[in-house]
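Report on the following structure.
The values are calculated or read from the model by the stated rules, or taken from the named source; none is laboratory data. None of these values were measured; they are calculated from a predicted model. As a convention, Cβ positions derive from the backbone with ideal geometry for all residues, glycine included, and neighbour counts pool all protein chains shown. With ligands, DNA and RNA removed, areas are computed over all heavy atoms of the protein, side chains included. Shrake-Rupley method; radii C 1.70, N 1.55, O 1.52, S 1.80 Å.
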Amino acid sequence: MYGVTRMLYVYFGHHKCASTWIHGIIGQVCREAGLRKRLVVDPLTPHAHGPLTDYLRWDIRREELGTYLTREGVDFACCITADQAHVDGLQGVSFRGFHVIRDPRDIIVSAYFSHRNSHPTEGLPHLAEHRRRLQQVSKEEG
């Protein structure tokens with residue numbers, strides 16, 4: 001459409017803050033509305049910060065996030081390992097976003113059981129080692 005500014009929508013989330021559930025809802029809405037969605041993650045989080053990936057490209061610099069998403073024609077980005085640099089990387093791009101956080105006590109309990117038993121470890125070697133260690137100690141120690 002000529003003369004219409006495209007709006008980018010962004011979900012900013014964090015590990016163990018219902019990100020999988022929210023990402024699923026956004027995915028369904030985007031499919032039904034005909035919007036292009038991308039999942040953007042930092043696979044090193046929470047141990048370090050590295051380049052972002054949308055699983056199509058593995059070297060997205062945070063400061064170029066908005067430029068990249070605009071160039072790719074993304075309507076809705078799901079940044080499930082968000083930090084302030086994600087927001088800063090959207091400078092100059094028209095966007096509307098929302099941020100979901102969770103009670104830190106709930107994060108600890110959820111992370112314990114998920115990391116110990118069920119969270120996918122593919123592409124997350126630090127989580128595979130963490131799981132091994134959690135399975136060797138008592139629940140109280142874990």
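Evaluate region 37-56: report whether one residue or more is over 21 Å from LEU124 (Cα atoms) and part of a strand (DSSP E or B).
So far as region 37-56 goes, yes, one or more of its residues are over 21 Å from LEU124 (Cα atoms) and part of a strand (DSSP E or B).
Within region 61-83, take every residue that is within 16 Å of CYS17 (Cβ to Cβ) and modelled with pLDDT under 95 and give me the one that is nearest to the chain's Cα centre (by Cα). Talk me through it step by step, then tell me what you get.
Going through region 61-83, the residues within 16 Å of CYS17 (Cβ to Cβ) turn out to be 78-83.
Right, trim to modelled with pLDDT under 95 and you get 80-83.
Numbers: ILE80: 2, THR81: 4, ALA82: 6, ASP83: 10 Å.
Step by step, filter region 61-83, then rank; the result is ILE80.
For THR121, the conditions (1) at negative phi; (2) part of a loop (DSSP other than H, G, I, E, B); (3) under 13 Å from the mean Cα position of the chain (by Cα) all hold with the exception of (3). If the condition is being at pLDDT 85 or above and either in a loop (DSSP other than H, G, I, E, B) or surrounded by 14 or more Cβ atoms within 10 Å (Cβ to Cβ) (or both), then region 124-142 contributes ARG131, LEU134, GLN136, VAL137, SER138, LYS139, GLU140, GLU141. Filtering LEU65, LEU44 for residues that are crowded, with 18+ Cβ neighbours inside 10 Å, on the phi < 0 side of the Ramachandran plot and in the same structural domain as GLY27 (by the TED database) leaves a single hit, LEU65. Filtering region 68-101 to residues that are β-branched (Val, Ile, Thr) and exposed (fewer than 15 other Cβ atoms within 10 Å of the Cβ) leaves only ILE101. Each residue in region 3-34 was checked for being open to solvent by 70 Å² or more (accessible area, probe 1.4 Å) and assigned to a helix (DSSP H, G or I), and 7 pass.
Could you tell me whether any residue of region 105-117 is without any contact (Cβ under 8 Å) to a residue 60 or more places away in the chain, assigned to a helix (DSSP H, G or I), open to solvent by 40 Å² or more (accessible area, probe 1.4 Å) and within 18 Å of LEU8 (Cβ to Cβ)? Taking every residue of region 105-117 in turn, none turns out to be without any contact (Cβ under 8 Å) to a residue 60 or more places away in the chain, assigned to a helix (DSSP H, G or I), open to solvent by 40 Å² or more (accessible area, probe 1.4 Å) and within 18 Å of LEU8 (Cβ to Cβ). Are any of the residues in region 36-49 over 25 Å from SER114 (Cβ atoms) and modelled with pLDDT of 90 or more? Looking through region 36-49, at least one residue is over 25 Å from SER114 (Cβ atoms) and modelled with pLDDT of 90 or more.
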